[in-house]
Amino acid sequence: MNRYTILILRYFFSIVFIIASVPKIINPQKFLITVYNYKILSSLLLPAFTAALPWIELIAGVCLLSEAFASPGLLVIILLLFIFVLAIIIDIYLGIDPYCGCFSGSLGYSRIGWEVLLRDICLLLLAIILYYKLTSRRRNKPNPNEYK
Amino acid sequence: MFFLKVCYKRDIIVAFIIILVGSLLGIGYNLIYSGGVKVFARYSHKEEILKKNEIDFINIHEIRIFFEESLAQFIDSRDEEEFKKGHLPGAINLPLHKFDEYFSRFAGKIEQDRFLIIYCDKGCDSKIFVADKLLTKGIRNKIFLMEDGWEELQPIESIFFSNE
């Protein structure tokens, strides 16, 4: 993976997460209903999670645009994707098929299922590979004074 | 665990800060924004709403008589976009996430002697919350919730306009 591929992938994840966060920030009530329909979170955690998630997505997406904060931003995205994959697996297992709510427009109106699960797993694997590539330079040339 | 071992300490700390800042911003924004979620409220679950209110369920076979005799006002609690794609004839759109905005338009049109039948998608719960909000707003009409979702009502013609 050369530096241009890494750059393109960084911007890809950044744009995907920024675009995904905006409609959820604009209309949090709608997002609350979407998250509720997953039937995973308790009524106590539901509002706080709904309020926080889009902003975490937005900040992580913006961090990916900067060289200095790309790898921690990507770590957050890996964590989010892991949560999404877990939520989809639980709902498929329980036989619940709520609207994905991942994006706005027609993509947001797709119900979760194997297709959405496969897409998120691919994104998760891609994000993990990208993280390794982003940090490989540090691994190869360790600076003893850094990251202690 | 293996993945965490290869992550840099600095990345984990900054990632934690991103989550913290994002959470605080999100909570702050929703506390200020009038259309935000009530962050510290405990949202009722459908079982609690159904227990405290006298709301009954109705199925696809039972609604036909209500429709033919114009005994009921159908309420569609799905999004505006989904409503535009298709809805029951004469149904009023009352999406949960824009309840107050839509209710103000709709309130004067409710005839007191008509039943209210609320439906949404297959497996969705927005109809229960819309029913709860209607009762909170002082609506005294008898409310029924459709057991079946919009998907099961397809094609509409076979349910409402067949000669059987």
- Item | Within 10 Å of each Cβ in B:26-37, the average number of Cβ atoms from other chains | 6
- Query: Based on DSSP, what percent of beta bridges with both residues in the protein assembly as shown are antiparallel, to the nearest 5?
  - Reply: 5
- Task: Provide the per-residue ³J(HN,Hα) series for segment A:55-67, in order, calculated from phi with Karplus coefficients 6.51, -1.76, 1.60 and θ = phi - 60°, each as a whole number of Hz, with x at glycine and proline positions.
- Result: 6, 5, 4, 5, 5, 4, x, 5, 4, 5, 6, 9, 4
- Task: With only alpha-carbon atoms counted, please give the Rg and Dmax of the protein assembly as shown, in Å.
- Result: 23.2, 83
- Query: If you bin the C-alpha pair distances of segment A:26-86 every 10 Å from 0, what whole percents do you get?
  - Reply: 21, 46, 27, 6
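What average number of partner chain Cβ atoms lie no more than 10 Å from the Cβ of the residues making up A:54-63?
Taking the mean over all residues of the peptide, I get 5.
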- Query: Where in segment B:103-132 does the label zone of B:SER34 land, with the point 7 angstrom along Cα→C-beta and an amide N cut-off under 17 Å?
  - Reply: B:103-105
- Query: Label points 7 Å out from Cα along the Cβ direction at B:PHE16 and B:ILE65: separation in nm?
  - Reply: 6.4
- Task: Per residue of segment B:111-117, in order, report the coupling 6.51 cos²θ - 1.76 cosθ + 1.60 (Karplus, θ = phi - 60°) as ³J(HN,Hα) in whole Hz, putting x for Gly and Pro.
- Result: 8, 5, 8, 9, 7, 10, 10
- Scattering profile of segment B:46-133 from the Debye formula, Cα beads only, expressed as log10 I(q)/I(0) at q = 0.14, 0.26 Å⁻¹, is -0.48, -1.60
- The simple spin-label model distance between B:LYS98 and B:LYS137, using points 7 Å out along Cα→Cβ, in nm, is 1.4
- Task: Could you give log10 I(q)/I(0) at q = 0.20 Å⁻¹ for chain A, computed by the Debye formula over C-alpha point scatterers of equal weight, without solvent?
- Result: -1.25
- Item | Label-point separation, B:ALA107 to A:ALA68 (7 Å along Cα→Cβ), nm | 5.3
- Could you go through segment A:34-48 in sequence order and give the Karplus-derived ³J(HN,Hα) for each residue, using 6.51 cos²θ - 1.76 cosθ + 1.60 with θ = phi - 60°, rounded to whole Hz, and x for Gly and Pro? 4, 5, 4, 5, 6, 6, 10, 7, 6, 5, 6, 7, 3, x, 5
- Message: If you take each beta carbon of peptide A:35-42 and count the beta carbons of other chains within 10 angstrom, what is the mean?
- Response: 3
- Message: If I fit a long axis through the Cα atoms of helix A:114-140 and take the longest principal axis of the Cα atoms of chain A, what angle between them do I get, 0 to 90°, rounded to 10?
- Response: 20
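Each value in this text was obtained by applying a stated rule to the coordinates, not by laboratory testing. Here the structure is a predicted model, which is why all the values come from computation and not from measurement. Cβ sites come from the backbone with ideal geometry, for glycine too, and all protein chains shown count toward neighbours.
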